[in-house]
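One structure below.
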Amino acid sequence: MATQLAPRQAPVESPPQAPRRSLLKNRWLYLMLLPGLAYFLIFKYWPMYGLTIAFKDYLPFLGYSDSPWVGLKHFEALFTGPDFGRLLVNTLVLALLTVLFVFPAPIVVALLLNEVRQNVVKRSVQSLIYIPHFLSWTIVASLTYLLFSVDYGVIAQFIHGIVGGRPVDYVAQEEWFRPIIVLQSLWKQTGWGTIVYLAALAGVDTQLYEAARVDGAGRWRQFWHITLPAIRPAIVVMAILTSGHLLDTGFEQIWLMTTSLNRSVADVFDTYVYQVGITQGGYSYATAVGLFKAVVGVLLIFGSNWLAKRLGERGLY
């Protein structure tokens, strides 16, 4: 009886390991971490010191320390210059088109692939749509010229043969520049973007669909109440990350598709930084433009994360 009435003792927890002992025990894991830390320190954090030339009249032969400080001179020149409005409009239009067409495309494709029941067909389609991601923008631009050029473009000649009239040089016209950029992004990035959403869909319990079918829910109800909530956190996270790159339209793609005829709509902040900083030697002014882009991107990430939390989502942090 005394044994039965005695209070049950709580299990004794093992004391936490000392930091030095834990470091020695997992030394190989920490050693594997060093290359990644070195990469970020050398190529991500150390170059931030170079942002100081945005507030200087940087001269290469004087160096960082001896170049004179000018404060916000270059930012004032950017905001009051004749090119700022055109660059901002061109960049925002491409960003808006990306949000409207490129961002939802992986979600739609992932949902469609999720409905395919034949694994052979599903994996074959996945492999085919992944391939464009591994092609460089140089190859994509070359293929675009081969398809849409007025002289030898296959698609251009086909459209001209059906519609008739004067041939149209799609790769050189202003009104066709933005649709071609969107089509390139869709073809190259959609397949790779489905990986995140397919991984989220793979974690959905199939018993939920079975229970929904027993309750009489159709395919639309299953999608709305099971599939969509399963990938909604992934959509929110990807939307927050995408918001930070709204002004980052990508230099290589735009530069390769820019011609003298479509430059008025093709000039964006990325190509402008190259033109001013590399070809004209305006290092301080180009750094100011890049810093402006970076600050806007950070503000957009914080703002979109705050908005996501206000709407009841988890956000990034």
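The values are calculated or read from the model by the stated rules, or taken from the named source; none is laboratory data. Given the structure is predicted, the values throughout are model-derived calculations rather than measurements. Neighbour counts are summed over all protein chains in view; Cβ atoms, including those assigned to glycine, are modelled from backbone coordinates with ideal geometry.
Taking residues in the range 258-278 that are within 19 Å of Trp137 (Cα to Cα), and partners anywhere that are of a type in the set (Asp, Glu) and outside any loop (DSSP other than H, G, I, E, B), the pairs with Cβ atoms closer than 6 Å and at least 6 places apart or on different chains are Asn262/Glu174. For the range 293-304, does any single residue satisfy the condition of being touching a residue at least 40 places away in the same chain (Cβ under 8 Å), of a type in the set (S, T, N, Q) and under 20 Å from Met48 (Cβ atoms)? No, there is no match, as no residue in the range 293-304 is touching a residue at least 40 places away in the same chain (Cβ under 8 Å), of a type in the set (S, T, N, Q) and under 20 Å from Met48 (Cβ atoms). May I ask you to list the residues in the range 87-138 that are surrounded by fewer than 18 Cβ atoms within 10 Å (Cβ to Cβ), closer than 22 Å to Thr206 by Cα and among the polar types (S, T, N, Q)? Answer for the range 87-138, where residues must be surrounded by fewer than 18 Cβ atoms within 10 Å (Cβ to Cβ), closer than 22 Å to Thr206 by Cα and among the polar types (S, T, N, Q): Gln118, Asn119, Gln126. Within the range 43-79, restricting attention to residues that are among the acidic types (Asp, Glu) and not in a loop (DSSP other than H, G, I, E, B), the residue that is farthest from the chain's Cα centre (by Cα) is Asp66. Taken as a whole, the structure leaves Pro179 outside the set of residues that are surrounded by fewer than 15 Cβ atoms within 10 Å (Cβ to Cβ), closer than 29 Å to Val289 by Cα and over 25 Å from the mean Cα position of the chain (by Cα).
Quick check on Ile226: is it of a type in the set (A, V, I, L, M) and either surrounded by fewer than 14 Cβ atoms within 10 Å (Cβ to Cβ) or in contact (Cβ under 8 Å) with a residue 24 or more places away in the chain (or both)? Judged against the criteria, Ile226 is not a match. Candidates are the residues of the range 55-96 that are of a type in the set (Asp, Glu) and in contact with a helix residue (DSSP H, G or I) (Cβ under 8 Å, 6 or more places away or on another chain); the one that is farthest from Tyr283 (Cα to Cα) is Asp83. If you go through the range 264-289 and keep only what is surrounded by 17 or more Cβ atoms within 10 Å (Cβ to Cβ), assigned to a helix (DSSP H, G or I) and small (Gly, Ala, Ser), you end up with Ala266, Gly277, Ser284, Ala286, Ala288.
Among the candidates Pro82, Pro35, the residue that is in a loop (DSSP other than H, G, I, E, B), at pLDDT 80 or above and surrounded by fewer than 10 Cβ atoms within 10 Å (Cβ to Cβ) is uniquely Pro82. When we screen Tyr197, Tyr170, Tyr152 for residues that are of a type in the set (Phe, Trp, Tyr), out of contact with any strand residue (DSSP E or B) (no Cβ under 8 Å at 6 or more places or on another chain), crowded, with 17+ Cβ neighbours inside 10 Å and modelled with pLDDT under 85, the only hit is Tyr170. For the range 212-243, the set of residues classified as within 30 Å of Ala294 (Cβ to Cβ) and among the hydroxyl-bearing types (Ser, Thr, Tyr) consists of Thr242, Ser243, listed by residue number. Selection of the range 125-176 for residues being over 26 Å from Gly193 (Cβ atoms) and of a type in the set (Phe, Trp, Tyr) yields Tyr152, Phe158. Pairing each residue of the range 69-82 that is under 17 Å from Thr52 (Cβ atoms) with any residue that is assigned to a loop (DSSP other than H, G, I, E, B), provided the two are 6+ apart or on different chains, yields C-beta distances under 9 Å for Trp69/Asp57; Val70/Asp57; Lys73/Asp57; His74/Asp57; His74/Gly282. Looking only at residues in the range 290-317 that are basic (Lys, Arg) and part of a helix (DSSP H, G or I), which one is nearest to the chain's Cα centre (by Cα)? That would be Lys293. Just one residue in the set Val204, Val171, Val196 is farther than 21 Å from Leu94 by Cβ, part of a loop (DSSP other than H, G, I, E, B) and touching a residue at least 12 places away in the same chain (Cβ under 8 Å); that residue is Val204.
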